[in-house]
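Comments concern the structure below.
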Ligand SMILES: Cc1cc2nc3c(=O)[nH]c(=O)nc-3n(C[C@H](O)[C@H](O)[C@H](O)COP(=O)(O)OP(=O)(O)OC[C@H]3O[C@@H](n4cnc5c(N)ncnc54)[C@H](O)[C@@H]3O)c2cc1C
């Protein structure tokens with residue numbers, strides 16, 4: 001049996017960043033990650049990497065929990081650049097963190113005022129760009145589009161981020177056990193005794209569950225973890241003629257595009273309840289390409305170079321599950337839904353704090369798994 005101080009179940013950005021953060025702060029703590037396949041190959045690979053709170057849309061009366069969620073997102077945004085620089089230093093890899101901001105596109109029939117007052121009311125920086133200003137900043141856009149520029153909403157190349165986090169973990173001495181799916185959890189009273197994995201048994205003083213969309217599927221935990229559903233998102237990558245042909249990530253209603261340094265332009269996405277099916281639907285891809293052509297006329301010459309789908313981990317209220325569970329040595333960090341890349345720094349910090357000091361931050365309280373009746377008792 002392998003024995004550790006802390007075992008993290010799941011090697012997406014959430015599990016990797018927690019393991020890295022614990023090891024960075026306390027090099028003597030023995031940490032392992034158990035990963036079903038390869039690290040960073042599920043939702044964290046499929047993502048678009050926009051660092052923008054994607055749940056909150058203009059409406060009255062946010063609940064206290066939604067307000068707390070927004071504060072969590074803002075705190076994570078504020079931590080991002082410093083966290084990325086540290087990850088790049090420890091991994092010697094570039095995560096392509098980009099700070100040009102994101103555009104909320106305003107078509108001629110849309111009124112920008114409710115959006116502007118919404119963003120400003122939330123304390124975000126938001127600047128209205130007229131049709132002329134937008135055309136100057138993004139010449140490839142079709143004529144007649146205005147925009148709201150959101151300068152605090154940055155982006156990161158999420159595949160590079162996952163790879164860099166795995167490298168940080170290796171360089172700092174985290175054991176990464178790939179192809180070691182946790183198959184069952186053996187309990188002893190109100191605690192985990194040990195884990196049965198595909199490659200042997202593993203035991204630890206503390207466990208962190210960060211298995212993304214699979215978090216409530218693991219035998220032995222189905223009564224402990226509130227349901228996490230997989231919500232499929234599809235994306236197609238197009239190749240632009242040159243990397244800065246389109247400069248800003250942008251969205252219009254439920255459609256977005258994100259330019260990468262490589263000259264790829266990611267376009268998406270869907271929000272589908274399709275179980276664990278990661279198939280890509282040709283009609284959806286055609287729909288994305290048509291929407292792009294309506295916004296960027298010259299995109300008719302772009303070649304489609306890759307298409308994929310990923311499964312976002314989604315709780316019943318679409319907010320994360322963070323914190324203690326009814327099992328005394330199990331902490332959960334999952335359910336990040338559309339915001340897991342954005343929420344990486346704050347999740348890693350708060351969960352590592354809790355593991356190291358034994359004290360949960362008050363910021364975690366609104367996201368306790370115990371909010372779902374009859375599930376866990378934090
Ligand atoms: C199309 C799409 C676009 C997105 N765009 C954005 C965006 O722009 N910005 C943003 O912030 N977020 C975005 N997201 C959401 C973001 O990608 C996720 O919230 C985030 O990646 C979740 O990370 P995770 O580590 O929890 O899950 P995952 O990356 O899915 O990792 C979970 C890991 O657990 C492993 N695992 C599962 N079961 C077991 C087991 N039994 N034993 C061991 N390991 C196990 C899996 O193999 C996997 O590697 C997007 C997601 C999708 C699909």
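Quick one: which of 317-326, 84-93 comes out on top by average Cβ neighbours within 10 Å, and what's the full order, highest first?
317-326, 84-93
Taking neighbour counts of Cβ atoms within 10 Å as a proxy for exposure, in what order, fewest first, do 142, 206 appear?
Lowest count first: 142, 206.
Find how much the distance from residue 239 to residue 357 grows on full extension, using 0.36 nm per residue of separation minus their present alpha carbon separation; answer in nm with one decimal.
Length gained between residue 239 and residue 357: 37.7 nm.
How would you rank 187-196, 144-153, highest first, on the average number of other Cβ atoms within 10 Å across their residues?
Answer by packing, highest mean first, reads 144-153, 187-196.
What is the calculated FRET efficiency for residue 26 to residue 305, with r their C-beta to C-beta distance and R₀ = 51 Å, to the nearest 0.05?
0.75
What is the extension gain from residue 280 to residue 137, computed as 0.36 nm multiplied by their sequence separation minus the C-alpha to C-alpha distance, in nm to one decimal?
48.2 nm
What is the spin-label model distance, in nm, from residue 201 to residue 128 if the labels are put 7 Å beyond Cα along the C-beta direction?
6.7
Could you tell me the distance between the Cα centroids of segment 120-181 and segment 1-46, to the nearest Å?
Here the two parts' Cα centres lie 24 Å apart.
Report the FRET efficiency, 1/(1 + (r/R0)^6), for residue 262 and residue 3, where r is their Cβ-Cβ distance and R0 is 45 Å, rounded to 0.05.
0.60
Relative contact order for segment 229-314: what is it in percent, counting Cα pairs under 8 Å that are at least 6 residues apart?
Over segment 229-314, the number comes to 46 percent.
If one computes the Cα centroid of segment 251-278 and of segment 286-334, what distance in Å separates the two points?
7
Using only the Cα atoms of the chain, construct the convex hull and provide its projected area averaged over every direction, in square nanometres to one decimal.
If you wrap the Cα atoms of the chain in a convex hull and average its projections, you get 18.0 nm².
May I ask you to compute the full-extension gain from residue 64 to residue 253, defined as 0.36 nm times their residue separation minus their alpha-carbon distance, rounded to one decimal in nm?
65.5 nm
Given R₀ = 35 Å, what would the calculated FRET efficiency be for residue 326 paired with residue 85, taking r from the Cβ atoms and rounding to 0.05?
0.35
Using the alpha-carbon atoms, what tilt in degrees (0 to 90, nearest 10) does helix 64-91 show relative to the longest principal axis of the chain?
80
Between residue 189 and residue 37, how many nm apart are label points set 7 Å from Cα along the C-beta direction?
For residue 189 paired with residue 37, the spin-label model returns 4.0 nm.
Relative contact order of the chain, please, whole-number percent, based on alpha carbon pairs below 8 angstrom and at least 6 residues apart.
23
Specify the angular offset, from 0 to 90 degrees and rounded to the nearest 10, of the alpha carbon long axis of helix 282-295 from the longest principal axis of the alpha carbons in the chain.
Compared with the principal axis, the helix lies near 40 degrees.
Determine the calculated [θ] at 222 nm for the chain from helices alone, applying -39500 (n - 2.57) to every DSSP H run no shorter than 4 residues and normalising by the residue count; nearest 500 deg cm²/dmol.
After summing the helix terms and dividing by residue count, I get -8500 deg cm²/dmol.
For helix 344-357, what angle does its Cα long axis make with the longest principal axis of the chain, in degrees from 0 to 90 and rounded to 10?
20
Values quoted throughout were computed directly from the atomic coordinates according to the rules given, and no laboratory measurement underlies them. Everything numeric here is computed off the predicted structure, so don't read it as measured data. Because the Cβ atoms are built from the backbone with ideal geometry, glycine has one as well, and the counts that use them run over all protein chains shown.
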